[in-house]
Amino acid sequence: MVAWLPRTLQGARAAWKYPLPNQGIGGVAATDEYVFVTSRDRNDALDVITCLDAISGVVFWQHTYPAAGELDYGNSIRATPLIADPYVVTLGAFGDLHCLDLETGDIVWSTHLVRDLQGVRPQWGYAASPIVVEDRLIVQPGGDTNSITALELETGDVVWQVAGRQAAYASLVEWVHGSQRQVIGIDYRTLGGWDIADGKRIWEVQPKVGNDINVHTPIVS
């Protein structure tokens, strides 16, 4: 046992384990009742989303869909599932966006960041986790005509979309400044903020040093 673990965890044993069918490199999302994990099927042709009982590890449901392609570092979902009760939202590395019923795994709606929202897939696949602000789901398709998009969480309908740069790999965060609510994050080249009301770009910062990999989710303090 590593020395830096809290004393309460020293000697702790796993309550349960769940073997993934194939590679899974995305984050785990959980509530008191559910644990959501993502992976690929054994043939590396499907994305797999699994909902487990948080207490026992028993599988409640599993959702799969075809997601063909080839990426460096594997083809698994990179983005952490977003739990927005009564939904769970997942984004695949190739651009498949699904809103699923939290309890059943049934599809509420789905869309594709490239085929449907005119996005441009990043070199190593979509990795930024979607966020919800004021019942709007914010994603980064990363296309010239649709850099960032707000969708109605319940329906998947487009509320607004704005032109800009390609997407980076970092997730957006919410920030409230006075009466203005923004989403802050990184695109292909800059850090910036967008107005949640209409997607207007409010500000941006261009790093002095380029050629970096924009993977860092901002922290608002």
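Values for this structure:
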read-out: Förster radius 41 Å - calculated FRET efficiency between residue 144 and residue 7 (Cβ-Cβ, nearest 0.05); value: 0.15
read-out: Inter-part distance where the range 152-221 and the range 86-133 are each reduced to a Cα centre, Å; value: 17
read-out: Point-to-point label distance, residue 132-residue 44, nm (Cα→Cβ direction, 7 Å offset); value: 3.5
read-out: Sum of side-chain charges, residue 65 neighbourhood, beta-carbon under 12 Å (Lys, Arg +1; Asp, Glu -1); value: -2
read-out: Gain on full stretching of the segment that runs from residue 220 to residue 110 - 0.36 nm per residue minus C-alpha separation; value: 36.6 nm
read-out: Sorted peptide list for 30-37, 53-60, criterion being average Cβ within 10 angstrom, highest first; value: 30-37, 53-60
read-out: Only Lys, Arg (+1) and Asp, Glu (-1) charged, at Cβ; the chain dipole about Cα centre in debye; value: 900
read-out: Unit charges at the beta carbon, dipole of the range 28-151: most positive-side option, 30, 58, 43; value: 43
read-out: Cut-off 11 Å between beta-carbons: net charge of the residues surrounding residue 127, Lys and Arg +1, Asp and Glu -1; value: +2
read-out: Equivalent ellipsoid semi-axes, the chain, via Cα gyration tensor eigenvalues times 5, rooted, Å; value: 29, 21, 19
read-out: Within the range 23-109: Cβ-based charge dipole about Cα centre, in debye rounded to nearest 20 (Lys, Arg +1; Asp, Glu -1); value: 240
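Any read-out appearing in this document is the output of simple, stated calculations on the displayed coordinates, not a laboratory observation. Just so we're clear, the structure is a prediction, and the values are computed from it rather than from any experiment. As a convention, Cβ positions derive from the backbone with ideal geometry for all residues, glycine included, and neighbour counts pool all protein chains shown.
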